[in-house]
Ligand SMILES: Cc1cc2nc3c(=O)[nH]c(=O)nc-3n(C[C@H](O)[C@H](O)[C@H](O)COP(=O)(O)O)c2cc1C
């Protein structure tokens, strides 16, 4: 079996973490960089990532996550929170970033600016939020695959109360709202799920070659 498939079979949605084990700084930084490098529509990265280790804060968030033990037993809770205000000013900041990073004139980016202003910026707020969440999920996928490669365990999670998270993390004031979360750390030896066979659609059901 090749290494990539081996890594992806190694990973599983970890229910029980060994709270005595912690991720070293270099590994955490690598995971952060992998998520930061994630592709996004137009490159707009319409989300921020919160990496939460604080025990008290995680205890509060656990109550807002159906008391799932991963929230406090893992090493870090990662919250993907999407931008709720994606407007002209947001777009201008992005265009400025491209111009500075690539050392080009803002004027030379007017075509791109117009393309974004004519599409994403025109979406009704609901659609904008959905679009932003889709981008955040790509970040989540990249986190899961990267963690597997580094042999870090993770549990992706939608089982949390978005409103409570927003309140606890004071996200509204930052024009953000929680979209999806993950816990990362190291699996407990007692987590029987690590030995469970992967349940997936068959190749025939899943893939369509045309
Ligand atoms: C977006 C998303 C949300 C999920 N939410 C939860 C959750 O709240 N709690 C949980 O224990 N597992 C959650 N899972 C884990 C899935 O149940 C798990 O990934 C799926 O059953 C496939 O198993 P595997 O990841 O172990 O291969 C979630 C997975 C994804 C991708």
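Quick one: go through region 38-57 and flag any residue whose amide nitrogen is under 12 Å from the point 7 Å out along the Cα-to-Cβ line of residue 168.
In region 38-57, the label zone of residue 168 (backbone N under 12 Å from the point 7 Å along Cα→Cβ) covers 52-57.
How long is region 149-208 along each principal axis, judged by its Cα atoms, biggest number first, in Å?
46, 37, 21
Given a Förster distance of 45 angstrom, what is the FRET efficiency for residue 200 paired with residue 107, based on the Cβ-Cβ distance and rounded to 0.05? Please list the in-between numbers first.
Details: r = 50 Å, r/R0 = 1.10.
Working from the Cβ atoms, E equals 0.35.
For q values of 0.23 Å⁻¹, compute log₁₀ I(q)/I(0) with the Debye formula on a Cα-only model of region 1-71, without solvent.
Here the Debye-derived log intensity ratios amount to -1.24.
Need one number: the % of Cα-Cα pairs in region 81-210 sitting beyond the 22 Å mark.
Working: 4930 of 8385 pairs.
Above the 22 Å cut-off, region 81-210 has 59 percent of its Cα pairs.
Which angle from 0 to 90°, rounded to the nearest 10, does the C-alpha axis of helix 25-36 make with the longest principal axis of the chain?
40 degrees
Connecting C-alpha atoms closer than 10 Å in a GNM of the chain, tell me which of 38, 119, 183 has the biggest fluctuation.
119
Going by Cα centres, region 129-205 and region 20-67 are how many Å apart?
Each part's Cα centre sits 9 Å from the other's.
When 206, 160 are ordered from fewest to most other Cβ atoms inside 10 Å of their Cβ, what list results?
Details: 206 8, 160 20.
Ascending Cβ contact count within 10 Å gives the list 206, 160.
Go from 0 up to the bin containing the longest alpha carbon distance in region 59-147, width 10 Å each, and give me the % of pairs per bin.
The percentages, shortest bin first, are 14, 30, 31, 17, 8, 0.
Report, as a whole number in µm² per second, the diffusion coefficient that Stokes-Einstein gives for region 114-162 at 20 °C and 1.002 mPa s using the Kirkwood radius over alpha carbon pairs.
Details: Rh = 13.0 Å.
After rounding, the answer is 165 µm²/s.
Please give the contour-minus-distance gain from residue 22 to residue 98: 0.36 nm per residue of separation, less the Cα-Cα distance, rounded to one decimal in nm.
Numbers: separation 76, 0.36 × 76 = 27.36 nm, distance 3.61 nm.
This chain segment gains 23.8 nm when fully extended.
Each value in this text was obtained by applying a stated rule to the coordinates, not by laboratory testing. What you see is a predicted model; the values in this text were computed from it and never measured. Counting neighbours? That spans all protein chains shown, and the Cβs are built from the backbone with ideal geometry, glycine included.
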